[in-house]
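Note sheet for the following structure.
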There are 2 protein chains.
Amino acid sequence: MMMDPEKRCGMVRGIFEPQGVAVVGATEDPAKSGYFLLRNLIDLGYGGKIYPVNRNRETILGLKCYPKVNKIPGEVETAIIIVPAMEVPQVMRDCAEKKVKGVVICSSGFGEAGVEGVKLEKEILGIARESGMRILGPNTTGVMNTYNGFTSSFVKISKPRKGPVSIIAQTGMFASVLLEHILTTQPYGLSKIAGLGNKIDVDDSDILEYFEEDPNTKVIAIYAEGIRDGRRFLEVSRRVAMKKPIIILKSARTRLGGKAALTHTGSIMVRDEIFDAVCKTAGIIRVGDIEELLDLMKIFAISPPPRGDRVGVIAYTGAGCVMSADAVESYGLRLAELSNKTMNMLRMYTPPFGILTNPLDAELIRMKVGDAEKSMRLSLEAFMKDPNVDMISLVMVGLTKGSKIWEVDVGRVFSNIELDPPEKPLVATILASRELIDYYREEMENLGIPTYPSLLRNIRALGALTRYYLKGRNLTHPSYSN
Amino acid sequence: MMMDPEKRCGMVRGIFEPQGVAVVGATEDPAKSGYFLLRNLIDLGYGGKIYPVNRNRETILGLKCYPKVNKIPGEVETAIIIVPAMEVPQVMRDCAEKKVKGVVICSSGFGEAGVEGVKLEKEILGIARESGMRILGPNTTGVMNTYNGFTSSFVKISKPRKGPVSIIAQTGMFASVLLEHILTTQPYGLSKIAGLGNKIDVDDSDILEYFEEDPNTKVIAIYAEGIRDGRRFLEVSRRVAMKKPIIILKSARTRLGGKAALTHTGSIMVRDEIFDAVCKTAGIIRVGDIEELLDLMKIFAISPPPRGDRVGVIAYTGAGCVMSADAVESYGLRLAELSNKTMNMLRMYTPPFGILTNPLDAELIRMKVGDAEKSMRLSLEAFMKDPNVDMISLVMVGLTKGSKIWEVDVGRVFSNIELDPPEKPLVATILASRELIDYYREEMENLGIPTYPSLLRNIRALGALTRYYLKGRNLTHPSYSN
């Protein structure tokens, strides 16, 4: 049964924004997943009707309980299913009878578990196709919507901050861990999370189409092990990527990885060079690991777009200058040629033996003005105002507390600089004692400045941002293509 | 004047282990570098004689002060010089008269500052050659020896932990920052640090020869912008690398980086593919950035050598399994084929639908035994004992505190496992909330298990360790060459 695209997208929307939800397999036993599932829905403040389904109980966590989905009196737009795999087909038939529009199947024991599981998948997919229901999963934690508190997560999760980033992850558990990691280490908030599991029906493309229309989603991050319908993915992602940046981490890129993915989510491997070509054609940003994924999510979430590809580097210690210059070339960017105005201004604050250039060795200025804070403020202001500088990478160093030479009060440095909002992308890296790194990261990210532990990652992030926003423009640098 | 190698090495030893030291430019003014230089020597407990040199003072920090080096009565093996560049030639002549064997010139304003500076360098090098003195620098913070408390650092530094790693850094400031970073974030200690600055005389090869003989140096890390005498570097590093691992971060690899290095330390760029070939021939490990440098320093400092190239991966969440498998292939390692004994043992603790393989999805075992701690202990013990597993990568995940499912007490997990000392390399990565990451890192690194923020970096570190220790052995994997 084929559906028109609009209807399909509408049904996916229901999985994130259901009017009423049945929780099949809800329980009051905190040792079981069915407990946390219901707990999360209540704790995160989901405003719709919640119907626990469990034939052995009258009420669960204070909510009236039903023996079967088709015994629920009110509207049930979505059902979350967390019962043993063998029982899922019957639950599906009950859902079909109740005219449920979408189900999230959290249970495992399907395609990832062998031949019997594959058969079960075919059976439930048949039931869904017949009734027009959509299936998310199985073998997943499902969805989370920070804007209405709706979730199908069955692991205890913290109440998330709302924000511009939405995530599609093949595996729900991975999505949950990523969620906790982002909430406690990253400066931005989240909008929607989808854990797709075995992807027997709803896939990356369906979710992308929903995110395309979702006004609260500005940046999309994907973790995938396999893509089922490559042609449709290319078509959809290409359209969505014109509006919103899509960053993808696709594993199972090697023979060994492909084998592992088959066991994990039953994904069939795509030849890696083919997938690479898909990403290039669609204009989506492919990354190599979780660290790079998080690095790029951060800059896309909190940085303004650059107006060109010319980087200004302000580094303390010459080593930072040299390594930054290497990185700028490696990531296909250019070093800005500082304007005469900037040069003349900085010349006043540089000792006679100092060679003024970009990357700027800010240590020279510190030596002349005798104060790290003043040298940083002067340099940053000059670069911020210089029309030849499209974006800035700041490389800070620090010693132990009490070694005054490079210590700066971040609040004071930035109080004089136009940074609210910053008009150019500005990223910072900090090599210092742990104490100073923590202090600088916290303070700077609060001001909307992404920080990274390595200047290579600074420039890599700026490179990705630039390639996305300047795509199609006539860039001068030869290596400057996506 | 040519010296025989033995004598040259002896003189470099004097720069790290001098019998007596003159500090030319010592001062009591804490705003000046000459203050911290003397302060560090006293605070770090250097046991030799210290002679401050300053024509305007009788004593400095309680030590008798001399107007010139050649007025010092006792033996002066090494002089540290921190006076304006223009005054350095005269100080050098005084040192020559006093038969000083080595000088560390901290002053800047030499080759890195233009034509006049280059002339000055030629002049002081002439004086040194005539008298047989060696020069470290100029434009550097010089040396640090944690074993005798000797240092020429003029920035305030913490008292370092003794340990197996010695560092050669082209730029002294960078070395000082790296030192603080290592002391506060890394689990190992340091032996010697050399900041070479403009390298007009003593270079990487000289220091390598000293480290070759130094019984306290087990691992050598280098940051270089240029190598002056490539032929000698190849010859020396090749010999030293047979005995001790050498990890090198060489910047100025691109056209832009080369230009920046010229301004910074006056280094002439080496074509990058040539330097790559030198590293391969010499058997030294080349890294791409500071993060990779630190990653490898850690594993080489605290891990035992592997006996083969077969990796066992224990990962929570299937995504960790898939990405680990990709990484194992990418970094030229193999996935271990688990022994029957291991398989039979693990089978008892796996639910019937679970597919047992390597990478091991330890989540399956957790589901069966109902406890993350027990599942981790069981898996680790099995892998530790399996003769087919040469090294282990553990991928841990965690949620918020209170989500019990993946929380483990590291002390309890490892109390039952042979880990003192660990007989196989074991590394761990942790994706979790910040709180849990900090806890696991601390606990595991105290047990001698290097941790990384990314499983890609886990495997990259294991790959480097394996390539170094198994070099020359008949490895089966085709991509397995250094």
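The values are calculated or read from the model by the stated rules, or taken from the named source; none is laboratory data. Note that the coordinates shown come from a computational prediction; the quantities given were computed from them, not determined experimentally. Ideal geometry is used to build each Cβ from the backbone, glycine not excepted, and the neighbour counts take in all protein chains shown. We work out accessible area using only protein heavy atoms, side chains counted, and drop any ligands, DNA or RNA first. Shrake-Rupley method; radii C 1.70, N 1.55, O 1.52, S 1.80 Å.
Residue-wise test of (1) surrounded by 24 or more Cβ atoms within 10 Å (Cβ to Cβ); (2) more than 13 Å from chain A (Cβ to nearest Cβ); (3) at pLDDT 95 or above; (4) assigned to a helix (DSSP H, G or I).
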site: B:ILE437; (1), (2), (3), (4): no, no, no, yes
site: B:GLU443; (1), (2), (3), (4): no, yes, no, yes
site: B:GLY463; (1), (2), (3), (4): no, yes, yes, yes
site: B:TYR468; (1), (2), (3), (4): no, yes, yes, yes
Filter the stretch A:416-435 down to residues that are more than 14 Å from chain B (Cβ to nearest Cβ), open to solvent by 80 Å² or more (accessible area, probe 1.4 Å) and at pLDDT 80 or above, then give me how many there are.
1
Scan (1) within 30 Å of A:PRO304 (Cβ to Cβ); (2) surrounded by fewer than 24 Cβ atoms within 10 Å (Cβ to Cβ); (3) of a type in the set (A, V, I, L, M, F, W, C) for the single condition A:LEU208 breaks and write down its number.
(2)
In the stretch B:55-93, the residues that are of a type in the set (A, V, I, L, M, F, W, C) and not in a helix (DSSP H, G or I):
B:ILE60, B:LEU61, B:LEU63, B:CYS65, B:ILE72, B:VAL76, B:ALA79, B:ILE80, B:ILE81, B:ILE82, B:VAL83
What about B:LEU249, is it part of a helix (DSSP H, G or I) and at pLDDT 90 or above?
no
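Does B:GLU373 qualify as being within 11 Å of chain A (Cβ to nearest Cβ) and open to solvent by 10 Å² or more (accessible area, probe 1.4 Å)?
Spelling it out, it is not the case that B:GLU373 is within 11 Å of chain A (Cβ to nearest Cβ) and open to solvent by 10 Å² or more (accessible area, probe 1.4 Å).
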Specify which of the listed residues (A:ASN198, A:ASN216) is in contact with a Pro (Cβ under 8 Å, 6 or more places away or on another chain) and surrounded by fewer than 19 Cβ atoms within 10 Å (Cβ to Cβ).
A:ASN216
Considering the stretch B:145-162 alone, what residues qualify as being away from chain A (no Cβ under 12 Å) and open to solvent by 10 Å² or more (accessible area, probe 1.4 Å)?
B:THR146, B:TYR147, B:ASN148, B:ARG161, B:LYS162
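Suppose we filter A:ILE290, A:ILE299 for residues that are open to solvent by 10 Å² or more (accessible area, probe 1.4 Å), closer than 26 Å to A:PHE174 by Cα, of a type outside the set (Asp, Glu) and in contact with a strand residue (DSSP E or B) (Cβ under 9 Å, 6 or more places away or on another chain); which single one remains?
Working: A:ILE299 fails: open to solvent by 10 Å² or more (accessible area, probe 1.4 Å).
A:ILE290 is the lone residue from the list that is open to solvent by 10 Å² or more (accessible area, probe 1.4 Å), closer than 26 Å to A:PHE174 by Cα, of a type outside the set (Asp, Glu) and in contact with a strand residue (DSSP E or B) (Cβ under 9 Å, 6 or more places away or on another chain).
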Tell me yes or no: at least one residue of the stretch A:228-238 is touching a Phe, Trp or Tyr at 6+ places or on another chain (Cβ under 8 Å) and of a type in the set (Val, Ile, Thr).
no
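Could you tell me whether any residue of the stretch B:94-109 is over 31 Å from the mean Cα position of the chain (by Cα), modelled with pLDDT of 95 or more and open to solvent by 70 Å² or more (accessible area, probe 1.4 Å)? Even if it seems obvious, please write down each step before you answer.
Filtering the stretch B:94-109 for residues over 31 Å from the mean Cα position of the chain (by Cα) gives B:94-99.
After this cut, where a residue has to be modelled with pLDDT of 95 or more as well, the list is B:94-99.
Next, from what is left, pick out any that are open to solvent by 70 Å² or more (accessible area, probe 1.4 Å): B:97, B:99.
Within the stretch B:94-109 (the criterion being over 31 Å from the mean Cα position of the chain (by Cα), modelled with pLDDT of 95 or more and open to solvent by 70 Å² or more (accessible area, probe 1.4 Å)), the answer is yes, since at least one residue qualifies.
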Qualifying positions in the stretch A:42-54 - among the hydrophobic types (A, V, I, L, M, F, W, C) and either open to solvent by 20 Å² or more (accessible area, probe 1.4 Å) or outside any loop (DSSP other than H, G, I, E, B) (or both):
A:ILE42, A:ILE50, A:VAL53
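For the stretch B:336-364, how many residues are among the aliphatic types (A, V, I, L, M), under 20 Å from A:ALA31 (Cβ atoms) and within 38 Å of the chain's Cα centre (by Cα)?
From the stretch B:336-364, those among the aliphatic types (A, V, I, L, M) are B:336, B:338, B:343, B:345-346, B:348, B:355-356, B:360, B:362, B:364; that's our starting set.
Narrowing the set further to residues that are under 20 Å from A:ALA31 (Cβ atoms) leaves B:362, B:364.
Subset that is within 38 Å of the chain's Cα centre (by Cα): B:362.
The qualifying residues number 1.
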Kindly check whether there is at least one residue in the stretch B:296-303 that is part of a helix (DSSP H, G or I), at the interface with chain A (Cβ under 10 Å from one of its Cβ atoms) and closer than 24 Å to B:LYS471 by Cα.
no
Tell me which residues, restricted to the stretch A:321-340, are more than 9 Å from chain B (Cβ to nearest Cβ), in contact with an Asp or Glu (Cβ under 7 Å, 6 or more places away or on another chain) and either closer than 20 Å to A:LYS374 by Cα or open to solvent by 10 Å² or more (accessible area, probe 1.4 Å) (or both).
A:LEU338, A:SER339
Run A:ILE182 past the list (1) in contact (Cβ under 8 Å) with a residue 60 or more places away in the chain; (2) in a loop (DSSP other than H, G, I, E, B); (3) closer than 24 Å to A:LEU37 by Cβ and report the number of the one that doesn't hold.
(2)
State whether one or more residues within the stretch B:257-264 are more than 16 Å from the chain's Cα centre (by Cα), open to solvent by 20 Å² or more (accessible area, probe 1.4 Å) and free of Cβ contacts under 8 Å to residues at least 24 places away in the same chain.
yes
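Can you tell me how many residues within the stretch B:304-333 are out of contact with any helix residue (DSSP H, G or I) (no Cβ under 7 Å at 6 or more places or on another chain) and either over 22 Å from B:ALA241 (Cβ atoms) or not in a loop (DSSP other than H, G, I, E, B) (or both)? Before you say what the answer is, go through the steps one by one.
Filtering the stretch B:304-333 for residues out of contact with any helix residue (DSSP H, G or I) (no Cβ under 7 Å at 6 or more places or on another chain) gives B:304, B:307-308, B:310, B:330.
Now narrow it down to the ones that are either over 22 Å from B:ALA241 (Cβ atoms) or not in a loop (DSSP other than H, G, I, E, B) (or both): B:310, B:330.
Total meeting the criteria: 2.
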Exactly one of (1) of a type outside the set (D, E, K, R); (2) free of Cβ contacts under 8 Å to residues at least 40 places away in the same chain; (3) within 14 Å of chain A (Cβ to nearest Cβ) is unmet by B:THR141. Its number?
(2)
